1. Given a Förster radius of 22 Å and the C-beta distance between B:E47 and B:A16 as r, what FRET efficiency does 1/(1 + (r/R0)^6) yield to the nearest 0.05?
2. With unit charges on the beta carbon (Lys/Arg positive, Asp/Glu negative), name the residue among A:A253, B:A169, B:A250 whose Cα is farthest towards the positive pole of the charge dipole of the protein assembly as shown.
3. Cα atoms only, the stretch B:166-289: Rg and Dmax in Å?
4. Measuring with a 1.4 Å probe in the full set of protein chains, what accessible area per residue, in whole Å², belongs to chain A?
5. Taking 7 Å along the Cα-to-C-beta vector as the label spot, tell me the A:T144-B:T175 distance in nanometres, rounded to one decimal.
6. Helix A:218-234 versus the longest principal axis of chain A: what angle, 0 to 90°, nearest 10, using Cα atoms?
7. Grab the beta carbon distance between B:L80 and A:E427, set R0 = 51 Å, and tell me the FRET efficiency rounded to 0.05.
8. Report, to the nearest whole %, how much of the accessible area of the protein assembly as shown belongs to carbon and sulfur atoms, 1.4 Å probe, protein only.
Amino acid sequence: MKHRCGALAGAIFLFAAVPTFAETTLTIATVNNGDMIRMQGLTSAFTAKHPDIAVKWVTLEENVLRQRVTTDIATKGGQFDVLTIGTYEVPIWAKQNWLVPLDGLGADYDVADLLPKIRDAVSVGGKLYASPFYGESSMLMYRTDVFQQAGLTMPGDPTWDFIIEAAKKITDKSAGLYGVCLRGKAGWGENMAFLTAMSNSLGARWFDEKWQPQFNSPEWKKTLSTYVELMKEAGPPGASSNGFNENLALFNAGKCGMWIDATVAASFVTNPKDSRVADKVGFAMAPNAGLGKNANWLWAWNLAVPAGSKKVDAAVKFIAWATGKDYTGLVASKEGWANVPPGTRTSLYENPEYLKAAPFAKLTLASINAADPNHPTVKPVPYVGVQYAAIPEFQGIGTAVGQQFSAALSGATSVDAALAAAQSLTEREMKRAGYPK
Amino acid sequence: MTEGMRGLGRLLLTPAVALLFLWMIIPLGMTVYFSTLRYNLLNPGMEGFVGLDNFRYFLTDPAFLASLRNTLVLVGAVLLITTVAGTLVALLLDEVIVGRSIVRLMVIAPFFVMPTVSALVWKNLLMHPVSGLFAFIGSSLGLTPIDWFAEAPLLAIILIVAWQWLPFATLILLTALQSLDEEQKEAAEMDGARALSTFFYITLPHLARPITVVILIETIFLLTVFAEIFVTTGGGPGLQTTNIAFLIYAQALIQYDVGAASAGGLVAVVLANIVAFFLVRLVGRNLEA
């Protein structure tokens, strides 16, 4: 009897969970970033157009999302119909045939309008495998008032030498002002995103053409020792546990003279609701060392359809809506132009209303254009990706190397020891993974 | 009892025992099976039998010895702090007469705070070098604030975990103290014993058993501390706060290496058994005496 009751309750529950009017229910996995939560809030605009499709959201923090989505797709679990994935995953998963190529997005979608660098990053062999929702690069944000007081002028395209000199000059630890705030929290998407981009500008690379790790090269030594020294003299205390959010809080509280981080931060630091220094922020390109590469990264969050999904048509309709041109206008009409998802379409950067609402738009575009995922470094490399190498092993290796570099920053180990450990652990993992392939 | 009835009893027990056995053996068997495969979720099509290669890989990992050391230091230090401080707090609470139940409730409170929450509170409100309470106290006394998670990360984790487990030790020891015969203490007092002698010759022997229980139960949970590390340091800086549980997590969900993670899991099972074996022998005598 008990069993029968349970089965009955289960059946009722099932019926209750499936809305009777919709033919298809899409389960969409996404990140809990502001732009995605806004998209979730606008769901009704999509379901109004497509009454036969219902939408169920699974919104998760970035690392948790990555774990859930990766284990689901690798074990062919089929929990999700639309995935939110980064530019790191797209080429790897496309090569595994885990993603459905997106060629049915419709004429309104206008593929040619996508920023070329972003489009490259989500295409494999000329085919689009994911559709970018928002894109970002990195740039330098600085305090105009602090620079004026110190008698310094920020060039539009600064060099590392200038940044180091300026950071030391404007640091005033007794007043709680630190010359520069940089990421120090370990993780392939945290400190390694910044450090890899920085190393690219100083001529370093992760692997040579034969997949040999390069942490024993003089370029990496220069990168890490410059970073550690700079942060010791001009960085905030506790830098080894600062990620994007911690640095954002420090900058908004007026504790940083300069901050090199994601271009999306520009709209937060200039928003007077959150930032105490909103009217005193200037922008410049991420620094270079005169070698032809700036310390820019390139990242986009994208929507993709897992192979094996039985609801491909509906999923593609949703993606075309959420990443199409009209969506931008929809957000602008409800939340203002400053809040539209940036960094994916040329047309946005030609829109005078957007340019007026976002003073940092031009520099964001220039930064995105300066990063080249296919030729990220000064010397040739066998991988694609600017602040990462798009191979499955990179997450693990990047995080372990990030731990070593974070230890070098906190002073727990020396720069040389951290580089040696990074080199040996990377060699070990690459050997286990069977490189060179 | 006849032979037949005994047989019937066994027969009736079989389904329950079989279920329990399957409950245990299927996950264990799967782990053993996976540990002999080259199996990375991100590289489908590479699966194959590799024998003991995953174990060799896990045990020769430079992170393994460091994390083993960290695990033992963490367990040992937290046990020491909680039993010593737990005894002292229990003695103190035993003296309190008015409002004992309220005080006891407040002392037990940390035990009910979720590990992730308490780790976040410690990280952001107490130990943060810029905005934390400790930094505020330190700098108002003219000292340089300590950046806990960079300068003494393992100590910081030990403090957090010890704070969580102190109430448990206190509660068990307090209950034991309350069952201590008052007449014994009075007799000792009449014989002219001082407070210290009373403590060492009467109270402490009485507490030997509950302390053993505290140590055994805490060890089981402390070997697998994870949330506090995940939330505060992420195993770093370097490998300074990576314990075995965190290392296995990194293998399984950062590298997606199912083979090595399974091997690591089995190594952890063996290690836990070794620790338990010695602990039981060491303190188990107390239980028998």
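1. FRET efficiency, B:E47 to B:A16: 0.05.
2. Checked the options; the winner is B:A250.
3. For the stretch B:166-289, the Cα radius of gyration and maximum Cα-Cα distance read 20.9, 68 Å.
4. 40
5. 6.7
6. 80
7. 0.80
8. Using a 1.4 Å probe with all protein chains present, the protein assembly as shown comes out at 63 percent carbon and sulfur.
The values are calculated or read from the model by the stated rules, or taken from the named source; none is laboratory data. Values in this document were obtained by computation on a predicted structure and should not be read as measured data. Ideal geometry is used to build each Cβ from the backbone, glycine not excepted, and the neighbour counts take in all protein chains shown. We work out accessible area using only protein heavy atoms, side chains counted, and drop any ligands, DNA or RNA first. Shrake-Rupley method; radii C 1.70, N 1.55, O 1.52, S 1.80 Å.
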